[in-house]
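*Asks:* The structure follows.
The values are calculated or read from the model by the stated rules, or taken from the named source; none is laboratory data. Source: prediction; values computed, not measured. All Cβ positions, glycine included, derive from the backbone under ideal geometry; neighbour counts span all protein chains shown.
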Amino acid sequence: MKREEQDWDNEMEKVNSIRENLPKLLWNSAGISRSQAILEDGISQLNIWRSQLTDLNIMGYLLKAKPNQTVQLNSDRAEQNLKLAAETLNLTDVAYLILKSAAWRTESRGGHYRSDYPQTSADWQLHTLIQGDYIKSGELVI
């Protein structure tokens, strides 16, 4: 095993911690009852975690890889660590989009309740698209 890959073992504690706490953060922030302040706190925590992940050596290795590049590692453990780290980074991206969407939708609808916006609104009967920080709304949903 390369020295670089051995260092990844030390970083996996942070990756595993984020992966373990991510479902709790989503439930507490965007569960059945939500508010803008709680959603914003969740988004802030996700930004911290994403920064922590991208600062890890294992992520540097991953982010340097070119699209469709085959990565050859010297051990199954290193391969597992790299896969887990990549999946965790992807999960933080998905969680960010979920929280960002929930924060943007200022109404209560269906099974979700916004304590700061308790009523439904006909204005929100539309499709939305979120890409990073970009939000687009359009067509009426009937």
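*Asks:* So residue 13 ticks every box in (1) touching a residue at least 12 places away in the same chain (Cβ under 8 Å); (2) among the acidic types (Asp, Glu); (3) surrounded by fewer than 18 Cβ atoms within 10 Å (Cβ to Cβ) but one. Which box is left unticked?
*Replies:* The number of the failed condition is (1).
*Asks:* Inside the range 22-32, can you point out the residues that are surrounded by 12 or more Cβ atoms within 10 Å (Cβ to Cβ) and in contact (Cβ under 8 Å) with a residue 12 or more places away in the chain?
*Replies:* Of everything in the range 22-32, those that are surrounded by 12 or more Cβ atoms within 10 Å (Cβ to Cβ) and in contact (Cβ under 8 Å) with a residue 12 or more places away in the chain turn out to be 22, 25, 26, 28, 29, 30.
*Asks:* Consider only pairs whose beta carbons are under 6 Å apart and that are at least six residues apart or on different chains; among these, list those whose first residue lies in the range 72-95 and is charged (D, E, K, R) and whose second residue is surrounded by fewer than 20 Cβ atoms within 10 Å (Cβ to Cβ).
*Replies:* Close Cβ pairs (under 6 Å, with a partner that is surrounded by fewer than 20 Cβ atoms within 10 Å (Cβ to Cβ)) amount to 79/73.
*Asks:* Sticking with this structure for a sec: Which one is modelled with the highest pLDDT, of the residues in the range 1-52 that are more than 16 Å from residue 83 (Cα to Cα) and among the aromatic types (Phe, Trp, Tyr)?
*Replies:* Per the stated criteria, the residue is 49.
*Asks:* Which condition number does residue 82 fail, the rest of (1) within 30 Å of residue 117 (Cα to Cα); (2) out of contact with any Gly (no Cβ under 6 Å at 6 or more places or on another chain) being met?
*Replies:* Evaluating residue 82 over (1) within 30 Å of residue 117 (Cα to Cα); (2) out of contact with any Gly (no Cβ under 6 Å at 6 or more places or on another chain) leaves (1) as the failure.
*Asks:* Please find, among 98, 48, the residue that is without any contact (Cβ under 8 Å) to a residue 60 or more places away in the chain, under 27 Å from residue 11 (Cβ atoms) and not small (Gly, Ala, Ser).
*Replies:* Being without any contact (Cβ under 8 Å) to a residue 60 or more places away in the chain, under 27 Å from residue 11 (Cβ atoms) and not small (Gly, Ala, Ser) holds for just one of 98, 48, which is 48.
*Asks:* Restricted to the range 64-109, and to residues that are of a type in the set (S, T, N, Q) and surrounded by 15 or more Cβ atoms within 10 Å (Cβ to Cβ), which residue is nearest to residue 35 (Cα to Cα)?
*Replies:* 108
*Asks:* Only residues that are at pLDDT below 65 and acidic (Asp, Glu): list them for the range 83-142, please.
*Replies:* Once the filter is applied, which keeps residues that are at pLDDT below 65 and acidic (Asp, Glu), the range 83-142 yields only 139.
*Asks:* Out of the residues in the range 36-63 that are charged (D, E, K, R) and in a helix (DSSP H, G or I), which is surrounded by the fewest Cβ atoms within 10 Å (Cβ to Cβ)?
*Replies:* 40
*Asks:* Which residue, of 45, 36, 69, is within 15 Å of the chain's Cα centre (by Cα) and not aliphatic (A, V, I, L, M)?
*Replies:* None of the other options fit; the residue is 45.
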